[in-house]
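Reading through the structure tokens given below for one structure.
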Amino acid sequence: MARMSVLTRAEAQTRARVVDVERYSVGLDLTRGEEVFGSVTTVRFAVREGAAGTDGGGGADTFAEVRPAELLRAELDGVALAPEAFADGRLALRGLAAGPHELRVVADMRYSHVGEGMHRFTDPADGLVYVWTQCFMADAPKVFACFDQPDLKAVFEVAVTAPEDWTVLGNGVARRAGGGRWECAPTAPVSTYLVAVAAGPYHSVRTEHAGLPFGLHVRRSLAEFLDADAEELLEITRRCFDRYHEIFDEPYPFDSYDQAFVPEFNAGAMENPGLVTFRDEYVFRSAVTELERRTRAVTIAHEMAHMWFGDLVTLRWWDDIWLNESFAEYMGYQTVLEATDFSGSWTDFAIARKAWGYDADQRPSTHPVAPEPESVPDTATALLNFDGISYAKGASALRQLVAWLGERDFLAGINGHLTRHRFGNATLADFIDALAGASTRDVHGWARRWLRTTGVDTLSPRVTEAAGRWSVAVERAGSRPHRVAVGLYDVAPEDPSRLVLRERPAREVGGDAAEPALEAEGPRPDLVLVNDGDLTYAKVRLDGRSWETARGALSGLPDALSRGVVWNAAREMVRDGELSPEDFLAAVRAHCPRESHVAVLDSVLTFARGSVADRFLPPERRAAALDLLAGACREVLSGGVPAVGDGAGLRLTAVRQFIDCAAEPEELYGWWVAGSVPGGPVLDAELRWRLLSRLSVLGAVDGAEIDAAAGADPTATGAEGAARCRAALPDAAAKAAAWEAMFRSDALSNYLLRATAQGFWQPEQYGLLDGYAERYFEDAVPVAARRGAAVADVVGRFAFPRTVVEERVLRRGEECVRGAGVTPALRRQWVDQLDELGRAVRVRRAVGGVE
């Protein structure tokens, strides 16, 4: 693969001083076969008066980016550029006079199978072909020639030639222009990374709202599943759209709103103006829980928020990605709560999302929510910051800001910012100035302490009792101010498994407005819960009596969000070595069977299985842990939970977790043969593949049964399930074949690679996998370099030997992480995975189980 230059911040700043970009005309020909598509780009731009070189007669120098399979022709102002003007993905443009210019580039571009540039997918269900673009960060030049940086916005006119039976979608309304040619309406000024096209024989559901066309689109093999959920999806879209028009002064800035659910999408979704692309797993083909429906709704709200914060007003450089992602993350959860029939979104965030930020912020790779510009010198570095800090921590910081500033002043500042910078670019300083202008509080000081610092503060209650009085002071380890609620609970006299809220006073901790301890006469509360309501971002500790109370009555806390805060505290205590893994599992066994919120049940059981049983406990104690967790799931299933409403979600969660924890295959195989779980649910496609995956791990099925299941489900999901099962078989030949497919061949798409990696590493197969952990660090480097950042992320995250919790693996990884040839994307994953492995080693050492 030819080397491609990485755009630096300094280069982007220089180019922005030289050129203004007016308009792109992009023509794409999707009828050229399976390997390449045609791309013709005409860019009208101007060199600024006084730009470097233009005064002294030599003219200005700059460059455009294009990453073709073959560059056929490049012309500047009608004159062909010499072949040597193109190198490393850049077209050198030299000696440019001040004033207008036109660049025309004709190229063949290569289709992608890893979700970067123009991704091409053949649906195994029916053989139909679909394409879609992901131009994010630095991938637009894989589709069209451009000045690829976010602060060179321009109008885009896109035309697409496609097979005549295809539908074409774009940022502007797409209309047929005869034959297979489609023309998209010109856009408002947008950044190159937001340009989008989707094309193929899509099934569409269309409507109109607020005078704009709205559409949902999915490949034909999923048509019935989209039709089943279309009204729910459209209603969420309408309500979020209307809510944003209530709180934002600027109207929706584009001419349509299409949502395309596309195959093999790497992210959850992408906020392309007028054409949001989602991973098509959001079109549910199997039963799902209310949590999964809420999560989908949050994603819809998140991407729509980007239409204002990210698309209308865009970051100037990638150090400010949090301005996009933190805001959209916060607005997604808040808007679903305010505008839809879903409740509990902030509980989902607290228990199912926020740990992503806590974990990332305690690793060597941590960074501030708003990093200093010089720490993001190029696009390769910037890509690494799309993580739990920019999303979960950033959203938590904004939620704390709203609690501290007040929603009225917060929204006033946001609206001032959007109006001031509409269709332009803005920075952190611009954003903070807008908020400060709407409030009398020291927003600049708050931003310095919250957005420019790293790490997680810890908040702990200090409870004292003397002379018939008690007091609670909130102690802080850290540097940030926090506005929190302190929940004071008592055990119900008539029922010791239930807790009753005494009061929930607010307190400001740290900073200039820190408030004194709470105190009163009488007996102290049985449970003191700092950050009740989860308004801030901090690890929480419980005093001794409060933890003992929680051990007996955690499931009796009346509010699910409060239970989530306690479970998060216990999770962090286990990870920090302050609570033994088996004490945590005992709390799981006692309280999960009585948990009524799906997000809490699912998140706690997932951590208990994936981290505590599989990594923190030594192998000889794992079987007992799995048995305990299976017992908790079995109690949910046998406890009279109905298979309808919220109960259906609890049952489905318990079934999924029971399958993952089952140590013996007989009962699972009985479900497989019967096609259902006693008492429900039936085994739909998702459950059948989950069940077959576990049976594969346990050696209860073979390749023939996997092939038969794949034949019965000839879909993309079926292909992924079969790949996962084959890699999970406890067979040396199966492991060797999976390894070859992951590291030696480039045939696997991003999704099939991920499925194979997920199946490969199994704690039950320690002896069979001996030697692969060391091989991993050598074999991952070339495939990551060869196949790019998306594959590097999959290889670094899912193919990492996470189940081999041994010092030797940790030492080997630490030797290799700084080695030659390790790409930035792979190195970042390794740094994070090695930190998690080191944490597991420390916890296991503390309980006497490290080799």
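The values are calculated or read from the model by the stated rules, or taken from the named source; none is laboratory data. The shown structure was predicted, so the numbers you read here are calculated from the model rather than taken from an experiment. Don't worry about glycine lacking a Cβ; one is built from the backbone with ideal geometry, like all the others, and counts go over all protein chains shown. Please note that ligands, DNA and RNA were not included when accessible areas were found on the heavy atoms of the full protein model with its side chains. Shrake-Rupley method; radii C 1.70, N 1.55, O 1.52, S 1.80 Å.
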Put +1 on the Cβ of each Lys and Arg and -1 on the Cβ of each Asp and Glu in the stretch 209-323; which of Ala287, Val313, Tyr252 then has its Cα farthest toward the positive end of the dipole?
-> Ala287
The stretch 385-404 to the stretch 178-203: how many Å between their Cα centroids?
-> 33 Å
Computed for the chain: size of charge dipole around the Cα centre, +1 on C-beta of each Lys and Arg, -1 on C-beta of each Asp and Glu, debye to nearest 20, value 1120 debye
Once the mean of 1/r over all distinct C-alpha pairs in the chain is inverted, the Kirkwood radius in Å reads 28.6 Å
Roll a 1.4 Å probe over the protein chains and send me the accessible area per residue for the stretch 767-851 in Å².
-> 39 Å²
In nm², the average projected area of the convex hull spanned by the Cα atoms of the stretch 260-317 is 4.5 nm²
Volume per residue of the C-alpha convex hull in the stretch 657-739, rounded to whole Å³ | 90 Å³
Cα lying deepest toward the dipole's positive end in the chain, options Val173, Tyr330, Leu93, charges on Cβ | Leu93
In degrees, nearest ten, helix 598-607 long axis to first principal axis of the chain (Cα) | 90 degrees
Between the stretch 800-843 and the stretch 722-796, how many Å separate their Cα centres?
-> 16 Å
Rounded, prolate or oblate: pick one for the stretch 160-315, where a ≥ b ≥ c are the square roots of the eigenvalues of its C-alpha gyration tensor, a/c under 1.5 means rounded, and failing that, prolate if a/b is larger than b/c, else oblate.
-> oblate
Compute the Cα gyration tensor for the stretch 1-143, then decide on rounded, prolate or oblate, letting a ≥ b ≥ c be the square roots of its eigenvalues: rounded whenever a/c is under 1.5, prolate when a/b is larger than b/c in the other cases, and oblate in all that remain.
-> prolate
Crossing angle, helix 772-787 versus the chain [Cα axis fit, 0-90 degrees, rounded to tens] = 30 degrees
So what's the back-of-envelope 222 nm ellipticity for the chain, counting only DSSP H runs of four-plus at -39500 (n - 2.57) apiece and dividing by all residues, rounded to 500?
-> -12500 deg cm²/dmol
Take the Cα coordinates of the stretch 166-242, assign each an equal point scatterer, and use the Debye formula without solvent to give log10 I(q)/I(0) at q = 0.15, 0.17, 0.19 Å⁻¹.
-> -0.64, -0.81, -0.98
Env charge @ Asp543, Cβ radius under 12 Å, K,R +1 / D,E -1, value 0
In vacuum, with every alpha carbon of the stretch 549-683 counted as one equal point scatterer, what does the Debye formula give for log10 I(q)/I(0) at q = 0.15, 0.17, 0.19 Å⁻¹? Two decimals, please.
-> -0.70, -0.89, -1.08
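When ligands, DNA and RNA are left out and all protein chains stay put, how many square angstrom of accessible area per residue does the stretch 310-355 have with a 1.4 Å probe? List each step's numbers first, then the result.
Numbers: 930 Å² over 46 residues.
Per-residue value: 20 Å².
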Can you give the relative contact order of the stretch 399-494 as a percent, counting alpha carbon pairs under 8 Å and 6+ residues apart?
-> 22 percent
Suppose R0 equals 30 Å; then what is the FRET efficiency for Thr454 and Asp559 from their Cβ-Cβ distance, rounded to the nearest 0.05?
-> 0.45
Any idea what angle helix 732-743 forms with the longest principal axis of the chain, computed on alpha-carbon atoms, 0 to 90 degrees, nearest 10?
-> 40 degrees
Let a ≥ b ≥ c be the square roots of the eigenvalues of the Cα gyration tensor of the stretch 325-440; is it rounded (a/c under 1.5), or, if not, prolate (a/b larger than b/c) or oblate?
-> oblate
Accessible carbon and sulfur surface of the chain relative to its total accessible area, %, 1.4 Å = 50 percent
Rounded to the nearest 10 Å², what accessible area does Glu281 show when all protein chains are kept and the probe is 1.4 Å?
-> 70 Å²
Neighbourhood charge, 13 Å Cβ-Cβ cut-off, centred on Arg744 and excluding it, Lys, Arg +1 and Asp, Glu -1 = -1
Under 11 Å from the Cβ of His302, count the other residues' Cβ atoms, weight Lys and Arg +1, Asp and Glu -1, and hand me the total.
-> -3
Cα-based Debye curve of the stretch 262-391 sampled at q = 0.18 Å⁻¹ gives log₁₀ I(q)/I(0) of -1.10
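Provide the convex hull volume over Cα atoms per residue for the stretch 703-851, in Å³. Could you put the intermediate results ahead of the total?
On the way: hull volume 15.7 nm³, N = 149.
Dividing the Cα hull volume of the stretch 703-851 by its residues yields 106 Å³.
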Net charge dipole size for the stretch 352-433 [Lys, Arg +1 and Asp, Glu -1 on Cβ; Debye, nearest 20] = 360 debye
